[in-house]
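Readers should treat all values here as calculations from the given coordinates under stated rules, not as data from a laboratory. This one's a predicted model, so the numbers in the text were calculated from it and none came from an experiment. Note that we place each Cβ from the backbone using ideal geometry, even for glycine, and neighbour counts take in every protein chain shown.
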Amino acid sequence: MPIPRRALLATAVASVVAAASIAVVGSAEAATTLGASAAQTGRYFGVATGANRFSDTAYMTIVNREFNSLVAENDMKWDATEPQQGRFNYTNGDRLVSHAQSQGMSVRGHALLWHQQQPSWAQGMSGSALRNAAINHVTQVATHFRGKIYAWDVVNEAFADGGSGGRRDSNLQRTGNDWIEAAFRAARAADPGAKLCYNDYNTDGVNAKSTGIYNMVRDFKSRGVPIDCVGLQSHLGTTLDSTYQQNIQRFADLGVDVQITELDVAQGGNQANIFAAVTRACLAVARCTGITVWGVRDSDSWRTGENPLLFDNSGNKKAAYTSVLNALNAGGPTTPGSPSPSPSTSNPPVPGGCAAQVTLNSWNGGYTATVRVSAGSSAVSNWSVAVTVPSGGAVTSTWNATNSGTSGQVTFRNVSYNGQIAAGGFTEFGFQGTGTGPTATPTCTAG
């Protein structure tokens, strides 16, 4: 999202979202925070923030309590990270990552390339000089944060509004129609473990713009261009497109994850219902892996006067908050799409205990690991998982857990929002490492 606000809230082909009755399914216990309830389904529920907010105690109390993922609102954009060509500034981005790691949160990186919020030196460039500078920027920033970012918005808002379904005219587009592909290839080389996303707005249903993006993703997948996810910003008005879930599903069917990346909804009589409907749509599609709201309190929003967030100006929970929490808890423990185990190691749950299963996504020199912690016949209140990291390797980052040690036997423990697991239920955490991923069976201990 740019700051200041841009006019983008297109009126969607709408259907009034009816309130739905809530029934808890499966064996999931009702969680009491957004991050905990999302974690029950293997997803994240995140928020956009910035290092300038860290001194606001009331604000940070909500952030640390409610969310299990952070995205930098502005601190990782081009103008912030490379204010002068070749001279990089990661201070605030590093602060955000460090805070997320201390809280067991994952981090979404936003955004490597965008036609707005470019530094002045880049705005004055064109052609091959800009192309080379842009690819170098992707390489340097993704390399700096390597192993610490769950998913990057590699390219942001490159498609035009209106009915053409084509690319937006910009200085980046004028460097060649393959600039997006080049950016994704550079990001993959710089950080093989991060999911690489394309992110855009006014894509909240099947329309010309989302179809143009769909066709690009389909082309990339057919040619082996590394793209792992699509971000739907979902800056919504007072209605929701009737094809919202259908649009999520068609991207998932291409073999990419979908993330709701910048959710906010104009306040009105239908706000709570729309927030809940978006949440249910994400839960209904296995490859919709998480939701991020674009701010905490209404007073923090870029949409001045529209009160589009889950907390009011004083930090009180709104009806929209309750509707999202209920929708998440009603979703039950479903698992978003993930790579097939390669390898997967597990031990069976014991009565009253827990089990752990590790799934690896490996490349030459590193890997990411997703660990599912499952309860046996009794609920678990706290858990720890011991994983043996092969000799020569080390854990570089962890999300949805804290770790003791980085090599040899590493112990991971729950964070505040995912320690309680209902009987027969599960939660997930992840970590990234260098070397070869763990193959020995992990040990889970319930406390």
| Total formal charge among the other residues, if their Cβ is under 9 angstrom from that of Val71, Lys/Arg +1 and Asp/Glu -1 | -2
| field | Karplus (6.51, -1.76, 1.60) ³J(HN,Hα), θ = phi - 60°, over segment 243-252, in Hz, Gly and Pro reported as x | value | 9, 4, 5, 4, 5, 4, 5, 5, 5, 4
| remark: For the pair Asn316 and Arg95, the simple spin-label estimate (label points 7 Å beyond Cα toward Cβ) gives in nm 3.1
| remark: Taking every other residue with Cβ under 14 Å from the Cβ of Pro192 and scoring Lys and Arg +1, Asp and Glu -1, one gets +3
| request: Please name whichever of Thr441, Asn403, Thr81 sits farthest to the positive end of the charge dipole of the chain, dipole taken about the Cα centre and charges placed at Cβ: Lys and Arg +1, Asp and Glu -1. | output: Thr441
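Find out how many positive minus negative residues lie around Gln432, taking Lys and Arg as positive, Asp and Glu as negative, among other residues whose Cβ is under 13 Å from that of Gln432.
Spelling it out: positives minus negatives among the neighbours equals +2.
Expected output is a single nm value to one decimal: the length gained when fully extending between Gln117 and Ala208, i.e. 0.36 nm times separation in residues minus the C-alpha distance. What is it?
30.2 nm
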| note | Site Ser299, offset 7 angstrom along Cα→Cβ, radius 13 Å on amide nitrogen, limited to segment 43-67, gives 56-60
| query | For Lys221, which aspartates and glutamates qualify as cross-link partners when the Cα separation must be under 12 Å and same-chain residues fewer than eight apart are set aside? | reply | Glu181, Asp253
| Sequence-distant residues sharing a close amide H with Gly366 (under 5 Å, placed H) | Gly435
| Size of electric dipole in segment 123-174: Cβ of Lys, Arg +1 and of Asp, Glu -1, about Cα centre, debye, nearest 20 | 220
| note | The distance between the Cα centres of segment 251-320 and segment 170-246, in whole Å, is 19
| Taking the Cα centre of each part, how many Å lie between segment 386-446 and segment 70-143? | 29
| query | Taking amide hydrogens as modeled 1.01 Å from N in the peptide plane, which residues meet the under 5 Å criterion relative to Leu196, leaving out close sequence neighbours? | reply | Trp152, Asp228, Cys229
| remark: The ³J(HN,Hα) series, computed from each phi in segment 274-291 with the Karplus coefficients 6.51, -1.76 and 1.60 at θ = phi - 60°, rounded to the nearest Hz and given as x for glycine or proline, is 5, 4, 5, 5, 4, 4, 5, 5, 5, 5, 6, 10, 4, 8, 7, 9, x, 10
| query | Going by Cβ distance under 4.7 Å, what cysteines of the chain have no possible disulfide partner? | reply | none
| query | Taking a ≥ b ≥ c as the square roots of the eigenvalues of the Cα gyration tensor of segment 32-129, is the shape rounded (a/c under 1.5), prolate (a/b larger than b/c) or oblate? | reply | prolate
| message | I'd like the Karplus ³J(HN,Hα) series for segment 161-168: coefficients 6.51, -1.76, 1.60, θ = phi - 60°, whole numbers in Hz, and an x wherever there's a Gly or Pro. | response | 6, x, x, 7, x, x, 6, 6
| message | Using the Cα atoms of the chain, I'd like the radius of gyration and the largest Cα-Cα distance, Dmax, both in angstrom. | response | 20.9, 66
| field | Relative contact order (percent, whole number), the chain, Cα cutoff 8 Å, 6+ residue spacing | value | 17
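Using unit Cβ charges (K, R positive; D, E negative) and no other charged atoms, how large, in debye to the nearest 20, is the dipole of segment 34-331 about its Cα centre?
Values: 27 positive and 27 negative charges, 121 e Å.
Around 580 debye, computed over segment 34-331.
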| How much space per residue, in cubic angstrom, does the convex hull of the C-alpha atoms of segment 88-152 take up? | 86
| message | Can you give me the long-range amide H partners of Leu263? Hydrogens built in the peptide plane at 1.01 Å from N, cutoff under 5 Å, separation of 5 or more residues or another chain. | response | Thr292, Val293, Trp294
| query | Using alpha-carbon pairs under 8 Å, 6+ residues apart, how would you state the relative contact order of segment 354-446 in percent? | reply | 43
